[in-house]
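What follows is one structure encoded as structure tokens, with my remarks underneath.
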Amino acid sequence: MHGPAMSGWLLMALCALTGAYCLLRTRGGTAEERRTARAEALMGFGMAAMAVPAAVVAPPAWAWAVYAALFGVAALRALWFSRHSGHHLHHLVGSSAMVYMAVAMAGPGGAAHGGHGSHTMAAAGGVPLLTGLLLAYYAAYVLRSGARLIPVAATTAGGGAMAGGSVTGGTLSGGPAPARWANRPELALACRLTMGISMFAMLLTL
């Protein structure tokens, strides 16, 4: 999480951009899609804040309690809405992982090394079995999301021209309207893949 400064900044920028795109997705779609986008935006921005190199900006000790409380509430929210959509179970795992990392950072190891840059998360430590289970989950999630992304992107790129409509003035008539860029399924899936990779990278440092 708080590794070399360059990798930390890159991870922070990636998560922040992902969170910003998820925030844009909250402006359209169904109520369930907007709810999902809000949860993913919170995760993206939360991960971006955690990824800031500690050698540059050392968070105060109370910040980890705020992280734990915030994502604890997010986990309960995801559990509640999982009654309607199974995807919220993934949000539950993600929010719980954020609580876990915040608690690890608030412990004696993380507090003692909070301002020493590259070894912050390594010093914080964690429960090896739990860390291993989370790493296995996110490794499987990343592989599954990557496999799903390829056919979704191909279908979105080529599906419009195969719809049977005619092209008039550069637009397709008689076929389905193209999806708005803020609600394209392949971009939403790419954001989830990005956050899965980022979470895996952050857990590796525990």
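A few points about this structure:
- Qualifying positions in the range 96-105 - among the small types (Gly, Ala, Ser) and open to solvent by 10 Å² or more (accessible area, probe 1.4 Å): 96, 104
- Residue in the range 20-36 that is surrounded by the fewest Cβ atoms within 10 Å (Cβ to Cβ), counting only those that are of a type in the set (A, V, I, L, M, F, W, C) and free of Cβ contacts under 8 Å to residues at least 60 places away in the same chain: 31
- Against the conditions (1) within 21 Å of residue 138 (Cβ to Cβ); (2) part of a helix (DSSP H, G or I), residue 32 satisfies every one except (1).
- Flag if residue 53 is in a loop (DSSP other than H, G, I, E, B), over 19 Å from the mean Cα position of the chain (by Cα) and buried (at least 16 other Cβ atoms within 10 Å of the Cβ): no
- Residue within the range 38-48 that is in contact (Cβ under 8 Å) with a residue 24 or more places away in the chain, out of contact with any helix residue (DSSP H, G or I) (no Cβ under 7 Å at 6 or more places or on another chain) and closer than 21 Å to residue 102 by Cα present: no
- Some residue of the range 62-85 being part of a loop (DSSP other than H, G, I, E, B), modelled with pLDDT of 85 or more and open to solvent by 20 Å² or more (accessible area, probe 1.4 Å): yes
The values are calculated or read from the model by the stated rules, or taken from the named source; none is laboratory data. This is a predicted model, so every value here is computed, not measured. Cβ coordinates were reconstructed from backbone atoms using ideal geometry, including for glycine residues, and neighbour counts include every protein chain displayed. Calculation scope for accessible area: heavy atoms of the full protein, side chains included, ligands and nucleic acids excluded. Shrake-Rupley method; radii C 1.70, N 1.55, O 1.52, S 1.80 Å.
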